[in-house]
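The values are calculated or read from the model by the stated rules, or taken from the named source; none is laboratory data. Because the structure is predicted, anything quoted here is derived from the model rather than measured. We place every Cβ from the backbone using ideal geometry, glycine too, and count neighbours over all the protein chains shown.
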Amino acid sequence: MNPNEIFTYPVESKSAEAKKSVKEYHCRFLGRKCDKQSRTIKYPMGVCSVNHSGAKPIICPHRFLEDNLVFRNACNIAFGSTNNVLLFSEVKINNVGSFDFVLVKHKPISNKVNDFCIVEFQSDSTTGTGELVQALKDFMKGKDVLQNKYRFGMNTYNTIKLSYIQMLIKGQVMEKWNKNIFWIMQKFVYDNMINRFRLTNLDYNANHKTQYHIYDLAGIGEVYNLEIVDKKSTTIANLLRAFTHQPTPSMDKFVEVLESKIKLKLGLIIE
């Protein structure tokens, strides 16, 4: 396991643009200095994606901002074009939370809303992040981080659990409003979600309000480019069905775990 992109360029890139980006801690997706922080380093935590399990998981949501591709694709599905569309970020609504982005189609030469849709980014996260920070430090010192295996893992299950609840909460609102919500996910995360929740019936249907746009990274020249690899969709009823029909773990196995802890005297005495 090691970094794949640092400050928006592949770690193996020797281009002048890549070197300049690293020197200035620049994010080409934001168009400014990287804003990810770690308490253990003074400069930004500029790792965009990593190499793990034969995939290149994206661990920074800003990575999905490349060339506004995901927004253009959502606009074309929701509105048919990008004409008279404005993008707003972090729009809050009571009892629901914040939407990552809202695409608003307004009437020409008017502030009246004609239509809108929601766009949510779902990147992954890591465990053992101290090892990833060390990889970044090594890279900044000029070391070849691809020759080392750093002992961080992917926190994909936690990522999926948290996002699934958001899909249920926000998705039911969108169904009642009859508006689309687009979940922007990488294939690595989407496949894990499908497998863990045993989801079925996700064939693309333009009438479904919960839509998944699935992306991946393709290496072209001195950069990786974001590309859409699939589109899926579902209903809240289908998501709830999968959520409430998860297999129940064996209580006997759980009792065995508790008894082993008693044997090892790991419990605290309540006085």
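Among the residues of the range 36-83, those that are free of Cβ contacts under 8 Å to residues at least 60 places away in the same chain, closer than 30 Å to residue 178 by Cβ and assigned to a helix (DSSP H, G or I) comprise 65, 68, 71, 72, 75, 76. Taking the stated definitions as given, is residue 100 surrounded by 12 or more Cβ atoms within 10 Å (Cβ to Cβ), of a type outside the set (Lys, Arg), more than 18 Å from residue 180 (Cβ to Cβ) and under 19 Å from the mean Cα position of the chain (by Cα)? So residue 100 fails the test. Looking across the range 139-160, the residues that are more than 17 Å from residue 41 (Cα to Cα), in contact (Cβ under 8 Å) with a residue 60 or more places away in the chain and part of a helix (DSSP H, G or I) come down to 145, 146, 156.
Within the range 203-221, one or more residues are over 28 Å from residue 87 (Cβ atoms) and either of a type in the set (Asp, Glu) or modelled with pLDDT of 95 or more (or both).
Quick one: in the range 37-61, which of the residues that are in contact with an Asp or Glu (Cβ under 8 Å, 6 or more places away or on another chain) and more than 17 Å from residue 139 (Cβ to Cβ) is surrounded by the most Cβ atoms within 10 Å (Cβ to Cβ)? The residue in question is 58. Would it be correct to say that residue 92 is without any contact (Cβ under 8 Å) to a residue 12 or more places away in the chain and among the basic types (Lys, Arg)? Judged against the criteria, residue 92 is a match.
Across the range 228-254, which residue is modelled with the highest pLDDT among those that are of a type in the set (Gly, Ala, Ser) and either in a helix (DSSP H, G or I) or not assigned by TED's automatic domain parsing to the domain that holds residue 76 (or both)?
237
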